[in-house]
Structures are given as structure tokens and as C-alpha cells.
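Just below is one structure, and these are the notes that go with it.
The values are calculated or read from the model by the stated rules, or taken from the named source; none is laboratory data. For clarity, every value in this text was computed on a predicted model and none was experimentally measured. Cβ sites come from the backbone with ideal geometry, for glycine too, and all protein chains shown count toward neighbours. Just the protein is used for accessible areas: all its heavy atoms, side chains included, with ligands, DNA and RNA removed. Shrake-Rupley method; radii C 1.70, N 1.55, O 1.52, S 1.80 Å.
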Amino acid sequence: MKKDYSRRSFIKNISLATFAALALSGCDTEAFDEFLQKNFKTLSKKEKDEIVKNLESKYKKKYGKEFHVSDKPAIDGTLFGYALDLSRCIGCRRCVYACVKENNQSRNPQIHYIEVLQMEKEKGIDFADSNAQYNPEKVPEKGYFYVPVQCQQCRKPQCVTVCPVRATWQEPDGIVVVDYNWCIGCRYCMAACPYGARHFNWGEPTLPVEEINPEMHYLGNRPRKKGVVEKCTFCIQRVREGKYPACVEICPVGARKFGNLLDPDSEIRYILENKRVLVLKQELNFQPKFYYFFGI
Amino acid sequence: MNFIRFITGSIKIVFQGSKTYYAWLILLLLLIIWGGFGYSGQLAHGLIQTHMRDSVSWAFYIGNFTFLVGVAAAAVMLVIPAYIYDWKPIKEIAIFGELLAVCSVIMCLSFIIVDIGNPLRFWHMLPLIGTLNFPSSMLSWDFFVLNIYLLLNLVVVTYLLYCIFYKIEYKKSFVLPLVLFSIPMAVAIHTTTAFLYNALPGRIFWNSALLAPRFLASAFCSGPAILLILFQILRKTTKFEIKDEAIWKIAELMVYAMFIYLFFTIAELFKEFYSGTEHILYWKYLLFGIGDHKEIVLYSWSSIIMGCIAFVLFLIPKTRKNFITLNIGAFLIYGSVYVEKGIALIIPAFTPDVLGQIYVYTPSMTEIRTAVMIFSLGFLLFTFLSKIAIAIVFDNYNIDSLTPKKRLSKQVQPLIL
Ligand code: SF4
Ligand code: SF4
């Protein structure tokens, strides 16, 4: 019995060694360090800073440009919330493309964090009858309205609960993030998310060097690799610096509102107070911090 | 030292065999190579080689995983009837059931490995050095129970074979509790796997309390089907003795399982179709297709038809007791459950996707080749292990056979499968 056990652990050691050897193939110590890197959440401030610095120089080497990678933690007293005015949205998808640029999403294979659904006015919010592939000359089309869906930054995010390796978690400011270096790519979180908010890098992501956004956050828009999950982070690299998310800024009709739910004077608080809001799939009890309302 | 001799003795056996045996090995090797090249494409370019996409983010691989969990669970649970009805070769049934379980669990884990985007990061799941999300994540539970189950079965069979090999009496006080423990563990691995899917409110198709019971019932159809055939082969080619009655009894038990499965499914369908909420969409997609998207219908109906024919064949005593129809039934039910678990259970949960969009999924060539690779590897392993077990259990291959000089006259011919 005992011997049997030691044989097993021997096999285990061998396989770990093979893993390491595989990771080392190409004799790349950087890749090896990356392979051994711990879960970001468990690291100290010092270790985080060091990793971020290394990343900057690595990206410089790779893309030949200066980048700034931040690991700025959540600011005390913030809990971000979002509100979207369904009566204003015209379905132009400008937010979709602004998001792609801001967050360095892969162009091919294509990844979009925001999906705009076209729905029939007569049916109300009905996913089964919605159309994401609408493509007319001019929006909005008669008889239709538009519901953009992205990560709802749930208060009870099941995507976090199900992750077998704790590669995704909710930050103190309410943003659900992914450690791209820790995610094993099992996609359990994608099965769990009821809003289709999580996207997988099925192939090696491509993004044109001249279009890379150099302002990055470790838990946000830094370039990803194939085989990991990514998602909307409310533009963590922007909102933690006091800026609006890119989709809020680009919206031509001002349908998108954003702010700190803990600040009584914020715009988001104003909307919650004075408009009547709803959340999608409220019956599932994920308790989104992404609200929809009818402004006019 | 003793153990090493047991291992080397076992390895020796693996290389002795008839022409048919070698032909079978070569066939498996060819399949492994063919599948392996498919898989290497996936390793190089990522899961984009599969037909999975964001809408259908789990598919054929996880379906195969689910199917094999069922096989692993059912194989061991056959010990219960063997015990209750006092079939003579209970020890042998336990040994072969557990060997099958070991191979199935290894295949399960392989299907997980090929399904994840970063297989090298697998160590993130290991306790202590990784950050296993235990007990929150059902996947971590599954990983946990599967590994215990694997270890448990491995220990028991190895120990039993070891004892027979050295001609020593095995310790009942050691084996019996482990075998008994492996029975609830068999239920556990299967239930945990069902729970993995079950409690995701976003996936309405899975979010039914009947999922786990249906899981267990269908596993009891497919797992014994393999053993049914295996026992007949063993009976023909070795000294393994099992009465016709025992085989028919297994078939009879499978009928009960099929009936329960059928009943649960009808209950589910009644609820869905009579209440006619929008949740019906997923069943509609599975059974009839939505609009022009009918690709999956072929799979679901082939599974249903195979299952129904097998049910009838097993139900009627005359066809149940005829070995030709019995074996046809066994193959059919195996195929039926395979398609059911591989495709019909997974795909409708993702089609239409959570935002109501339809992405039509059918497995890609890469997925099929990878699956062929894993199944061939599993069969190869199972062939080797059964060969060793047959030699030791039925052909008196033991420690003396390793030192033939002393007892040349009495030496037993190693078995030919
Ligand atoms: S919308 Fe999906 S990804 Fe975003 S927090 Fe909720 S469950 Fe997680
Ligand atoms: S895909 Fe990544 S983030 Fe999602 S559950 Fe798996 S390991 Fe966690």
C-alpha cells in the first residue's frame, strides 16, 4: 500500500517536472517565472509592483512602445454602479467599438464585451426573440428598441463562486476581475454567467500594435493570451483614476450613466432615487449593479 | 522489492499475446496517433480548432467526461447485485469492475485536460501549491471525489491482484471496507458531476432537480452494458465462470434503470411542454430544432431510437435471454447513452444561449480526433490491465512463473487473450 502511494507521488513529481520542462522549452526564464507566478490576489504589494514593472518592460520589448501598467487597488468608499437609459439607446454600437479599442480586445478572433440586442417594442424585453445580428443602413429601426448587455457586475456573481482556482473575484469596489495569469481556461464561469458577459480567447488574440491602448491595468486591459477568459471591468484602468468608462464617454445620446453608489451626490444615486430602474433577469438573484431605466 | 517484482511480472504479461492481440494493439496505436495529430493542432492553435465558441462554451469534451463518469460509477456498483444475488465470481466481478472504473476515471481526467485552455496551469488546482476553490466550486468537488475514487479503486485492485500473484490470503478487513466505501463514492462522483451542471440558474435546461436522478439512471444503463459484454468474452476465453442467469440478471437490472430513466424524462417533458413557459425552448431545440437550425435533431433522435429499441429488447424475456439480441441491445443502449451524455445533455443548455442567440454547434474534426485519441488510450490501458488481471486471476500466473527454472514442469502457459 505504502509503496503504491510513493509510486503515485513519484509519478506526480515526474509530471510536474515535465510540466516545468515543457514550460521551459525555448529556454525562456521569463516564461518559466510566469509559469510559477502565484495567484495575483495572494501577492503582497511589493510583489505586485514588481510583476507590473516586469510586464511593462516585457511589453516594450514585444511591441516597441512605452506602456503603463497599473496595479492600483480599489479606492476606499467606492462601489461602482451603472445605469443605462433604454429610452435613449439607438443601437448604434459605438460603445461596442470604443470598448474594443479601450480594452485591447482581440480583433481576430473577435471579442466584444458589449452585445447590443434588438428587441421588438411589442414584446418588451424578451431575449428569446431578440436579435444581436441586426444590420440595417440606419438605426434605430421602427418598431424596435435596443438593449445593450455587458457584465452586470453582480453583487452575487456566480462566475466567482464556481471558478475552481479562484482566478476571478470581486474587488472591494465591486468590479469582478480575472487574473489572466491564473485562469486555467475551464470556462465554468461562462456556463454560470446568465448574461453572456464572459468571453474566451479561443485562439491567440491579435491586436494591431498601433491601436494598442498604452494605459493598462493588470486586472483590466493588458493584452491577454489564448486560453483565458476575459470580461468587462467597467474600464478598471480608467474608473480607478476617476475617469468614466469608455462606453459612457462615447455614447452619442448620453444613454449611459456611471458613478459611485456610495456617494449620495453621484449621478447614479440620482437616477436610482428619481427614475424607476430594473435589472435583467432579476429572478436569478445575481443582484446586478448594472441598472436599466427609462429616462424619457 | 516484492512490489517491483509484481510490477515487472505484470509488464511481462502485457507483451505476450496472440496475433489478434497484437493486431488489436496496433489498431489502437494507429488510432492514438491519428487522434494525437488532431489534438496537437489544438495544442498549437488553441481551442479555436474546436467548434466551441462563446455561445456554446462547453460541448463534446465535457459531454464525454460526463459519460465516462457514469461508466466509472456504474462499473463498481455492479458489486451490489453480485453480492445480493450471491453470484459466484464476486471477487472477479469486483476486480474487473474496478479496473473499468480506473480506466474510465483516467479518461475522464484526460477529457478535462484537453478541454481546458491552459492545461499547463493544472497545478493551480492542487491543494497547498494552488488555490483550489474548495468547497465553493462544484468543479473542485468533482476533482476531489474523482481522485479519491481513482485512488480507492487502484489500491483495491492492485492489492487483490498482488495477493493472488504472491498466493497470499488477502486481508478481508482491509479490502471489504474499501470496496464498501467505493460504492457510496461511486454515487458521489456521479452526483457531484450532475450537481456541477445542476445549480446554475442561468442554464435553465440543467436547472431541474431531476437532473441528478436521470444521470444516475442512465449511467446504470451504459456502465453494465460494457461489463455484460466483457463477461461474455471472459467466459469464452478464460476460466472465468459466470452463469447465464447472472448475465440475464444484469440485463434485468438494466431494464429497471432504463424504465426509471424513461419515467423521469417523461415527467420532465410533461412539466416543460404542458406548462409551456419559455423554458421549453431548449427542449424544442433538442427534439425539433428551432427554425432552420435542426442539426442537433439527428443526434437526439438517434439516441432516443437506440434507447427505445434496447429497452424493448431487454424488456421482453425472450430477447433478453437470447445472447444475440441481448448483445445488440447492449451496444444500442451504450450508443444511446453516449450520444445522450455527449451531445444531448450539454448542447441544449447553451442553445439558445443566455441572451437568446442561436449558435449551431456540432463537434469539429479536431474534437472527434481528440476523443478518439483518449478513448483509444483508455482501451489500451484497459486491455493491458485486464490482460494482467486475467493472467493472474484465471491462469495462475504468479510469482513462481517468474522463476521458471525451479518448476519448469509445472509452468503454466501465460494466457492468450
Ligand atoms: S454578469 Fe456574469 S460575469 Fe459579470 S459579474 Fe455577473 S455573473 Fe459574473
Ligand atoms: S475559465 Fe478561468 S476564470 Fe473562468 S472558472 Fe475557469 S479558471 Fe476560473
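Per-structure values
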quantity: Residue within region B:321-336 that is of a type in the set (Lys, Arg) and assigned to a helix (DSSP H, G or I) present; calculated: no
quantity: Which numbered condition residue B:233 misses (of (1) part of a helix (DSSP H, G or I); (2) open to solvent by less than 50 Å² (accessible area, probe 1.4 Å)); calculated: (2)
quantity: Number of the condition not met by residue A:197 [criteria: (1) hydrophobic (A, V, I, L, M, F, W, C); (2) surrounded by 20 or more Cβ atoms within 10 Å (Cβ to Cβ); (3) more than 14 Å from chain B (Cβ to nearest Cβ)]; calculated: (3)
quantity: Output for region A:173-194, where each listed residue is away from chain B (no Cβ under 11 Å) and either near ligand 2 (Cβ under 9 Å from one of its atoms) or under 22 Å from residue A:54 (Cβ atoms) (or both); calculated: A:177, A:178
quantity: Flag if residue B:103 is within 30 Å of residue A:37 (Cα to Cα) and either crowded, with 24+ Cβ neighbours inside 10 Å or out of contact with any Ser or Thr (no Cβ under 9 Å at 6 or more places or on another chain) (or both); calculated: no
quantity: Qualifying residues in region A:124-167 (those that are more than 11 Å from chain B (Cβ to nearest Cβ), open to solvent by 70 Å² or more (accessible area, probe 1.4 Å) and among the charged types (D, E, K, R)) - the one farthest from ligand 2 (Cβ to nearest atom); calculated: A:142
quantity: Unmet requirement for residue B:146, which otherwise passes all of (1) under 25 Å from residue B:67 (Cα atoms); (2) at the interface with chain A (Cβ under 10 Å from one of its Cβ atoms); calculated: (2)
quantity: Subset of region A:200-240 that is of a type outside the set (Lys, Arg), within 13 Å of chain B (Cβ to nearest Cβ) and in contact with a Pro (Cβ under 6 Å, 6 or more places away or on another chain) - its residue that is surrounded by the fewest Cβ atoms within 10 Å (Cβ to Cβ); calculated: A:203
quantity: Matching residues, region A:125-161, being among the hydrophobic types (A, V, I, L, M, F, W, C), more than 19 Å from residue A:279 (Cα to Cα) and touching a helix residue (DSSP H, G or I) at 6+ places or on another chain (Cβ under 9 Å); calculated: A:160
quantity: Residue match in region B:49-60 (condition: among the polar types (S, T, N, Q), within 30 Å of residue B:212 (Cα to Cα) and away from chain A (no Cβ under 14 Å)); calculated: no
quantity: The listed residue being more than 15 Å from ligand 1 (Cβ to nearest atom) and touching a helix residue (DSSP H, G or I) at 6+ places or on another chain (Cβ under 6 Å), out of A:208, A:194, A:164; calculated: A:164
quantity: Residue within region B:67-81 that is more than 25 Å from residue B:343 (Cα to Cα), hydrophobic (A, V, I, L, M, F, W, C) and open to solvent by 20 Å² or more (accessible area, probe 1.4 Å) present; calculated: yes
quantity: Filter result (open to solvent by less than 10 Å² (accessible area, probe 1.4 Å) and either more than 26 Å from residue B:283 (Cβ to Cβ) or away from chain A (no Cβ under 14 Å) (or both)) within region B:367-377; calculated: B:370, B:371, B:374, B:376
quantity: Hits in region A:168-180 (condition: surrounded by fewer than 22 Cβ atoms within 10 Å (Cβ to Cβ) and either at pLDDT below 95 or near ligand 1 (Cβ under 9 Å from one of its atoms) (or both)); calculated: A:170
quantity: Residue match in region A:204-215 (condition: at pLDDT 95 or above, within 12 Å of ligand 2 (Cβ to nearest atom) and out of contact with any Ser or Thr (no Cβ under 7 Å at 6 or more places or on another chain)); calculated: no
quantity: Test: residue in region A:217-229 that is away from ligand 2 (no atom under 16 Å from the Cβ), touching a Cys at 6+ places or on another chain (Cβ under 8 Å) and not hydroxyl-bearing (Ser, Thr, Tyr); calculated: yes
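Each row is one residue, and each column tells you yes or no for (1) away from chain A (no Cβ under 14 Å); (2) closer than 28 Å to residue B:57 by Cα.
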{"site": "B:162", "(1), (2)": "no, no"}
{"site": "B:167", "(1), (2)": "yes, no"}
{"site": "B:190", "(1), (2)": "yes, yes"}
{"site": "B:195", "(1), (2)": "no, yes"}
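Residue-wise test of (1) in contact with a Leu (Cβ under 9 Å, 6 or more places away or on another chain); (2) buried (at least 21 other Cβ atoms within 10 Å of the Cβ); (3) within 25 Å of residue B:104 (Cα to Cα); (4) at pLDDT below 95.
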position: B:292; (1), (2), (3), (4): no, no, no, yes
position: B:312; (1), (2), (3), (4): no, no, no, no
position: B:331; (1), (2), (3), (4): no, no, yes, no
position: B:347; (1), (2), (3), (4): yes, yes, yes, no
position: B:358; (1), (2), (3), (4): no, no, no, no
position: B:361; (1), (2), (3), (4): no, yes, no, no
position: B:365; (1), (2), (3), (4): no, no, yes, no
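Residues are listed down the side, and each one gets a yes or a no for (1) in contact with a strand residue (DSSP E or B) (Cβ under 8 Å, 6 or more places away or on another chain); (2) within 14 Å of chain B (Cβ to nearest Cβ):
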{"site": "A:252", "(1), (2)": "no, no"}
{"site": "A:255", "(1), (2)": "yes, no"}
{"site": "A:284", "(1), (2)": "no, yes"}
{"site": "A:289", "(1), (2)": "yes, no"}
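Here's the yes/no breakdown for (1) of a type in the set (Val, Ile, Thr); (2) under 20 Å from residue B:65 (Cβ atoms); (3) within 12 Å of chain A (Cβ to nearest Cβ):
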site: B:87; (1), (2), (3): no, no, no
site: B:92; (1), (2), (3): no, no, no
site: B:100; (1), (2), (3): no, yes, no
site: B:110; (1), (2), (3): no, yes, no
site: B:129; (1), (2), (3): yes, no, yes
site: B:132; (1), (2), (3): no, yes, yes
site: B:140; (1), (2), (3): no, yes, yes
site: B:155; (1), (2), (3): yes, no, yes
